[in-house]
Amino acid sequence: MAEPQEQSKSALKKAEKQAKMAAAKAEKAAKTATLPVVGGAAKKGGDSKEIIGITVSKETDFPQWYQELVIKAELVEYYSEEKEHVEGFAPELAWVTKAAHLTEKLAEEEVLQILELYAGVYEQLLAVPVVRGRKTENEKFAGGYWTSTCEAYIPTNGRGIQGATSHALGQNFSKMFDIIVEDPEKKGDKIHVWQNSWGLSTRVIGVMVMLHGDDKGLVLPPRVSKIQAIIIPVGITAKMSPEDKDTHMKRVDEIRASLKSAKVRVDVDSREGYTPGFKFADWEMKGVPLRLEFGPKDAANSVVSYARRDTGAKGAIPIDELVTQVPALLQTIQQDLYNKADEAYKSHRLQLTEWEKVVPALDSRNVVLIPFCEEPPCEERIKEMTKSEHGGEVGPDGRQLPSMGMKSLCIPFEQPQGLVQGETKCLNPECGKLAKSWTMFGRSY
């Protein structure tokens, strides 16, 4: 039998190989596909196909859309750099941490504190709503006491996705490896510590990309975008004198400086030889939240024109109000992204009390809350009973693939009304046991 360390290395190499294969496949598709430039823009004097947009719709071929987006938005290098630094864990793991406590109560408090920090990363930074809850026995960390989780949702295919987990390990591992401390209340006695473990991975980036991205590319929430606003000079023609061009670009630099003073992460696209339309499409692909356009007409009117990446909405802002209006607009974009995703999640989280409605709900891209006994054999049976020949993703031949059965996502901490302890039965018609909770199920990653 192989040693654990050898098994870890083997699993890591296998995962790395799979990641490289997926990236190579997506890169090949990106290079061989040709589409007109988004918006009809191109490099001056160049081939009209130089910017190759995403070749498929997010709605019609979600897996291919995602692969192309990762390549064309230049995310592959990021994933490659982040995958090798934790021996024995999956390549996408960002970090894993463990802690030890004297009592179960102290350990439990920390588990939930960490979970809330993770939920904050999703909701406050990435504009991704999550449901906080506890994993079932089937889905908890193997060998652990209990696992808390925050669960996200992808509307495009109706799948749930585990956002992050915070595990209460109990005393299971401390007893196994004899990890003890002195009892502060009973001199000479020893206590097996109560341990916790938690981890966050680059999955957070993938969830954000899948949720907010569109057919033009990334859509980044302002709080996590390296560049929050990109200034694109427009209306600069060959007929413009060098003096007028210099004067115009000086005003652009002044606008950038004023926005930087307002703590806006801003840059100027001063690349020569590219049309404004080319630049618009390029920055849309990269997901920059706000595009600011400044041309001679804008200068004459003392305004800066803008376009939001999330909605495409356009307008103009007086130059002397930029330092207040741009930060406010970025905050609006952040909140609007969250609100849109939250509305989609809530409207596709169905509370069901009739078994016959479960599979149709899944096929309609929903997750479901059902009365559940929380027994592992029942959960396995539910997974088998909810497999479907309809509602799956589209395969290479254009036909729908069979859909997987649903599994438990979490037992939400916020329980809906309607479950009567000692009376309400588990929704599985083959079970017959009493339900312990409303449990959220869904097809998932």
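A few remarks follow.
For (1) under 22 Å from Tyr345 (Cβ atoms); (2) modelled with pLDDT under 95, each residue gets a yes or a no:
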position: Asn366; (1), (2): yes, no
position: Lys383; (1), (2): no, no
position: Lys387; (1), (2): no, yes
position: Gly395; (1), (2): no, yes
position: Gln400; (1), (2): no, yes
position: Lys407; (1), (2): yes, no
position: Pro412; (1), (2): yes, no
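- Within the stretch 137-160, the residues that satisfy the criterion of being closer than 13 Å to Cys410 by Cα and touching a helix residue (DSSP H, G or I) at 6+ places or on another chain (Cβ under 6 Å) are Glu137, Asn138, Ser148, Cys150, Ala152, Tyr153.
- Residue count for the stretch 259-275, restricted to those that are modelled with pLDDT under 95 and not in a loop (DSSP other than H, G, I, E, B): 1
- When the stretch 311-360 is filtered for residues that are within 21 Å of Tyr153 (Cβ to Cβ), small (Gly, Ala, Ser) and without any contact (Cβ under 8 Å) to a residue 60 or more places away in the chain, only Ser347 remains.
- Applying the set (1) within 30 Å of Glu151 (Cα to Cα); (2) at pLDDT 95 or above; (3) crowded, with 17+ Cβ neighbours inside 10 Å to Ser197 leaves exactly one unmet item: (2).
- Scanning the stretch 213-234 for residues that are in contact with a helix residue (DSSP H, G or I) (Cβ under 7 Å, 6 or more places away or on another chain), aliphatic (A, V, I, L, M) and over 18 Å from Gly53 (Cβ atoms) returns Val224, Ala229, Ile230, Ile231, Ile232, Val234.
- Residue within the stretch 235-258 that is in contact with a helix residue (DSSP H, G or I) (Cβ under 6 Å, 6 or more places away or on another chain), under 30 Å from Lys340 (Cβ atoms), outside any helix (DSSP H, G or I) and not assigned by TED's automatic domain parsing to the domain that holds Tyr122 present: no
- Cβ-Cβ contacts under 8 Å between residues 6 or more apart (or on different chains), taken from a first residue in the stretch 252-276 that is without any contact (Cβ under 8 Å) to a residue 24 or more places away in the chain to a second residue that is hydrophobic (A, V, I, L, M, F, W, C), are listed as Asp253/Val268; Lys260/Val266.
The values are calculated or read from the model by the stated rules, or taken from the named source; none is laboratory data. Keep in mind that this is a model prediction, so the values were computed, not measured. Using ideal geometry, Cβ is built from the backbone for each residue, glycine included, and neighbour counts are taken over all protein chains shown.
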